[in-house]
Amino acid sequence: MRKFLKHAWTACAAGAVASGLALSGGAAQAANAPSVLTIGTLYASSGPFAVASKGQFEGLQYWADTVNKDGGTYVKAFKKKIPVKIIAYDDQSSTATATTLYNQLITQDQVNILIADFGSVLTSVGIPLAAEHKMLLIDPTGSGANFFTKKTDYLADVSIPSSTVWPLTLGHFLLGQKIQRIAIIYDSNDFDASQAETLKATLEKGGVKPVYYHGVPTSESNYTVLLHTIAAQNPDAVIEFGYAPNDIAFLRNLSSSGLHFKMTFTIFPGQLLDLMTKNVGAKALAYTYTYPTPPLVQTQKVTYGPNTAAFVEQFKAAKNAEPNFLDVAGYNTGLVVQDMLETAPAFTQLSFHQALMDMSGKTTTLLGDFKINENGAQLGELFSVGQLVPSGNGNKMVVVYPKEKATGTAVYPAPAQ
Amino acid sequence: MRNATGGTRYAVAVLATLAVAFVALPQVYGNQSVLFTMMTYMALAQGLNLVYGFTGYLPFGYVGFFGTGAYACSILVTFTGLPVLLCVIGGGLAALLIGLILGPLLRLSGAYFSIANLAASQIIYYVVSNEALKPLTGGPYGIKIDQVFAPTASYAAMLVVLLLTTALAAYFRLSRFGLGLRAMHQNPISAAVAGVNIVRARLVVWLVSATVAGLIGGVYAWNLSVFYPDAVFTLEISVFAIVFALFGGVGTVIGPLLGAGLLYTFYAAIGVSTPQYFQLLYGSLIVFLVLFLPNGLVSLLVRRKLHVL
Amino acid sequence: MSSEPLLRLENIEKRFGGLIVLHEQSFSVSAGEILGLVGPNGSGKTTTINVISGVLRANSGRILFEGKEIRNQPIFRIARLGINRSFQVPKCFRAMSARENIEVAATFGAHAPVDVDAILDEIGLLRHAGEPAGSLTVNQQKMLDLGRALATNPRLLLIDEIGAGLNPSELGAIAALLKSLAARGIALIVVEHLLEFLNRITDRVIVLGAGRMLFEGSLAEASRHPDVVAAFIGG
Amino acid sequence: MALLEYALVGGILYGVFFSLVGIGLNLVFGVMRMINLAHGQFIMLGGFGAYLLSSHLGLNPVFGIPLAVAGGIVIGWPLYYAVVPRLQRSNDPEMLSFILFFGIAQVIEAVTLLVFGADQHSLPDSALGSGNIGVLGQDFPDSWWVAVAVSVLCIGGLYLYLSSTRLGFATRAIMADRDEARTTGIDVDRVAAIAFVIGLSLAGIAGVFVPYMVGSVSPSIGGGLTTTSFAIIIIGSLGNPLGTVVGGLVFGIGTMLMQTYYASWSNLVPYALLLVIVLIRPSGLLGKAVRSA
């Protein structure tokens, strides 16, 4: 046993030395151009955020691979191309670990560019640290409303708008369809509850009061009795805001319950269609509504980078897999950084931030319009409303609202399966 | 008790070493968050040791006090504008109050106590994070007190809390009160027959341990300054505190400190080098520890007849 | 004052669920007296001691120590009042040294300072004072248990089957020790199976059978009493 | 009124299934006086076993039941002999086993994660019948009824094992008093190892139906299932396997009623029930727990 301990010690020491060596690499960013541009980020290989976080990370990595194939990304401040290197740590979905790892990236690796992990929870702890060290935190998907309450130079949400504004279009669609009886069930977490609140407010402004409006715990996994309770209110439309596991349980329970509503809306079929189809089945997804996200909706005209269709082709060729929304979001983050470096006149965090502000409103990428405000919130592309319509063995996404983006009209009421 | 003065000297040395180490380390190692988190876990392991090591009650829901402290402190900062240190103390008092409410749990034995305590911590978590409490706690939206964000000051505060907790452990180990605790831990009925007020002693230890966790939580919230309920109520915090304390050796002063210090270093090192195997390595390590070193690292020293505080 | 016994039980009843294990027990002990408690297994001897020392709570009746009701007092308070006990299976603090075992009681149970060495000497463990209690022999642990009780300066000692497993010379030493304690004015209630041993130290015994007091008087008379005989033979 | 009835019937069905989820943990505790903190991870393995059979071999997921039993034997028997006798000799078996099984839980979760990834997986709905069956006019999906039927069979089987077989008798003797049982000549380790195997197998069988009852299975669901199981067996009473059924029903009905009337507080149900019951009646609804001093 003493031997065992000795091993533990050795492992410990070896680990410390190894990390020490790794750390000394990224130091010293001087007036001279660095030989490699370090981009620090975190991902979660396990825990509740693993699925989403790994998707986003893969997208970012794919971006780095692509630019490095071209000899790197052009940096205006040095007037030349510099290869990028991603330094990434695994936070296991733990905020405590994420805190130390953000600090690791900032203080030990001294990365040039800092990119947050997926989602609000894992982004939150990086915000004060970045500000403290005067680093610009590039935030792909952390959209907590709490984050963007005052002017800052050190935070920029680049890939998705705050979840608070996601359901605006959905609300207008429901009002436009003159659907009066609407049930809203949501998980009690920042992401879902803020959407429920916005939708309720939007509907009430249009004179519609939801007939059912309740939060359930984020851990909720069985909706059978809840669905029955909802059905008792005779709603025409049932809107469920949850994370992917909730949406899976909800849709499965709905299809096996024998209940049927004229309209059913969930979030994740629009982001992780493969995962949802695999778990829920194409039949149960047919005619349900969602927020369609790239690559399920395509941005044709872009001002920077490939358009959505071109990206999907490239990604499929390189990775032999269909990209999902999070891959796109991660890749888009890389693109925004790339554009930022091409336009920032100086190699400083403030200059980076100014570049992002200058890009705002004038840039369109495969993810849509890029527009941030001085608090760092993303105001660009609003999500539209899509419906999954049977096609072959699966479903295809039809954007049904708003009109200018629509690729078809809603099948309402949804036919019973 | 013959070693009381020697013991006291030993305790002072431990406290001084801790203080010097955590004042000096930031000069040579720049990732203050790692050091801060290490102190947090050292303090938590020590705080848990107060109750588990000295009474045998394993508080699986220890994180409940930590989270209570974090939220009470943040709420005070948000609504009262008191100096942040007072808010941290408020966090400790809130945890003390919760400890008092949960006092009747001490009537339960072994596993029942642990699990009932776990249930209590989950209840606090669910109540704090419920949407109905949004105006007060921020509910699921989390809470933000970045107006008081001060990494260096909160680092110093955590060091003070760590020293306080360790001093308490030394008191439990060396004092007359501690003699009664040891007797009670080994045989509660004989201890009572010997005149030890076991009900009161247990409650005192429980409340002290709860208060300490509340203080740690308060300082932790101050350091984080933007967080969601999961960040301060995740069960992982209890589990780490238990594993760290056990690894070092409970019922001693230096055991939990050694355990948390070494194991957290190990954690941080594999987290950086081979994260994909992290959970596997960690789980296996725990299995090996329990099977081959159940009384912790300090038992190796004791076996060599070294005096351990 | 002198007529008031040190301890008086009045109609003590103890039930476990529906089972009555002590029926209306009433007896008293005076300072300096040694009272024997005998009876077959399950007759309520140890329960009586547990009830007096507070380890168990009686369901009804009164326990008066120096005229004060102590029935619902917690164990430690009863100990501090001056009632202490040994256990049939010694309950030492096994990881603590013999000396520390005594020190716990001296620290928490006694009103006045206690000479720990003197007690260790009295129970014959002075030479083993530094050894962990768990490493002592069972007989030594029994003595340590008694020493722990003595360290609280008791005025009433409850002794539960201390004689079992001792050889004649050890029994003799214990008998002498208990008598010397009584001579100091300590009252003793001694639960014992070894009647010969009991006969040496006491002239008054109470015989219990199925939780009832069958007899009170001298041991010699007891052996002639029909109820007692019936209880022991199981008739 | 229809809502109340639906919640009650649903709660009973859900509760019966959760009795199966908890019962293995309770059997193991009763026999070994150890808390298998990896219980939820064994349930999760059962779910993944059924998923493998269904997705890779095209078998009906119910074949996951024999697989779970086989897994229980292959994992449980060696695991018991590798760790339990050693722990029993330690100074605090109850608490050390708590931590040991936590380590095992981490290992299982990590390995599953490396093999299957973090994604959710589920089983085809049609495999257990895609219709609905009604009772008292309340319709529930076929899969619920299958899960409930299997739960009843398993719990009934366990009851028969404990009440009418020689091994079961020995098992109950060990539950009552391990040392006493040893002195009467019972091979305590063998009987306890069998009980451990049964406990793990029951967990695995419950796992087969988890994708139907809680939507999907993923490596991270184990911890939550363990805590819920705890709550259930404490409500019933630790160490009394049949009390688990009472605990399961209280949990199921309580949860469904809360879902119907106060949805956002429904996750408090198991913990609040546990705390209230433990404080009012520390022994659980059927058992004993207070320490003697």
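The values are calculated or read from the model by the stated rules, or taken from the named source; none is laboratory data. Just so we're clear, the structure is a prediction, and the values are computed from it rather than from any experiment. Note: ideal-geometry Cβ built from the backbone for every residue, glycine included; neighbour counts use all protein chains shown. For the accessible areas, the whole protein counts, side chains as well, though only heavy atoms, and no ligand, DNA or RNA atoms are used. Shrake-Rupley method; radii C 1.70, N 1.55, O 1.52, S 1.80 Å.
Data overview
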| quantity | calculated |
| --- | --- |
| Computed magnitude of the charge dipole of the protein assembly as shown (debye, nearest 20; Cβ of K, R +1, Cβ of D, E -1) | 1720 debye |
| Simple Cβ-charge dipole of chain A, Lys/Arg +1 and Asp/Glu -1, about Cα centre, in debye nearest 20 | 380 debye |
| Normalised contact order of chain C, rounded percent, pairs of Cα under 8 Å and 6 or more residues apart | 26 percent |
| Cα centre as origin, Lys/Arg/Asp/Glu Cβ charges: chain D dipole, Debye | 740 debye |
| Members of A:403/B:144; A:178/A:301; A:151/A:362 lying beyond 30 Å, as alpha-carbon distances in this model show | A:403/B:144; A:178/A:301 |
| Selection from A:173, C:11, C:206, by position along the positive dipole direction of the protein assembly as shown (Cβ) | C:206 |
| GNM top mover of C:61, C:211, C:109 - chain C, alpha-carbon springs below 10 Å | C:61 |
| C:20, D:23, D:280, B:75, reordered so the largest accessible area comes first (probe 1.4 Å) | D:280, C:20, B:75, D:23 |
| The protein assembly as shown, accessible area per residue, ligands and nucleic acids excluded (1.4 Å, Å²) | 36 Å² |
| For the protein assembly as shown, calculated [θ]222 nm from helices alone, where every DSSP H run of n ≥ 4 adds -39500 (n - 2.57) | -18000 deg cm²/dmol |
| Farthest toward positive dipole pole in chain A [+1 Lys/Arg, -1 Asp/Glu at C-beta], among A:333, A:130, A:296 | A:296 |
| Computed Kirkwood radius, in angstrom, where 1/r is averaged over Cα pairs of the protein assembly as shown | 33.4 Å |
| Ranking by accessible area, most exposed first, for A:109, A:369, D:92, A:70 with a 1.4 Å probe | A:70, A:369, D:92, A:109 |
| For residues of B:131-142, the mean tally of beta carbons on other chains within 10 Å | 5 |
| Accessible surface buried upon B-D contact (total; probe 1.4 Å; Å², nearest 100) | 4100 Å² |
| Peptide A:86-96, shielding by other chains (average Cβ, 10 Å cutoff) | 5 |
| Set of lysines near residue C:179 by C-alpha distance (under 30 Å), chain-local residues within fewer than 8 positions excluded | C:45, C:68, C:91, C:142 |
| Degrees between helix A:190-205 axis and first principal axis of chain A (Cα, 0 to 90, nearest 10) | 40 degrees |
| On Cα atoms only, tilt of C:98-108 relative to the major axis of chain C in degrees | 70 degrees |
| Cleavage-rule hits (chymotrypsin sites (Phe, Trp or Tyr not before Pro)) in region B:1-44: DSSP loop, at most 16 neighbouring Cβ within 10 angstrom | B:29 |
| Listed residues B:186, C:92, A:379: farthest to the positive end of the dipole of the protein assembly as shown (Cβ charges) | C:92 |
| Most mobile of B:216, B:89, B:242 in a GNM of chain B (Cα contacts under 10 Å) | B:89 |
| Point-to-point label distance, residue A:389-residue A:301, nm (Cα→Cβ direction, 7 Å offset) | 2.5 nm |
| 10 Å Cβ neighbours from other chains, averaged over peptide B:233-241 | 3 |
| Separation of the residue C:68 and residue A:233 label points, Cα + 7 Å toward Cβ, nm | 6.6 nm |
| Between 0 and 90°, nearest 10: helix A:244-257 axis offset from chain A longest Cα axis | 20 degrees |
| Percent carbon-and-sulfur accessible area, region B:2-235, ignoring ligands, DNA and RNA, probe 1.4 Å | 71 percent |
| Sparsely packed trypsin sites (Lys or Arg not before Pro) within region C:201-235, loop by DSSP, other Cβ within 10 Å at most 16 | C:224 |
| Residue A:278 - accessible surface, heavy atoms, 1.4 Å probe, Å² rounded to 10 | 110 Å² |
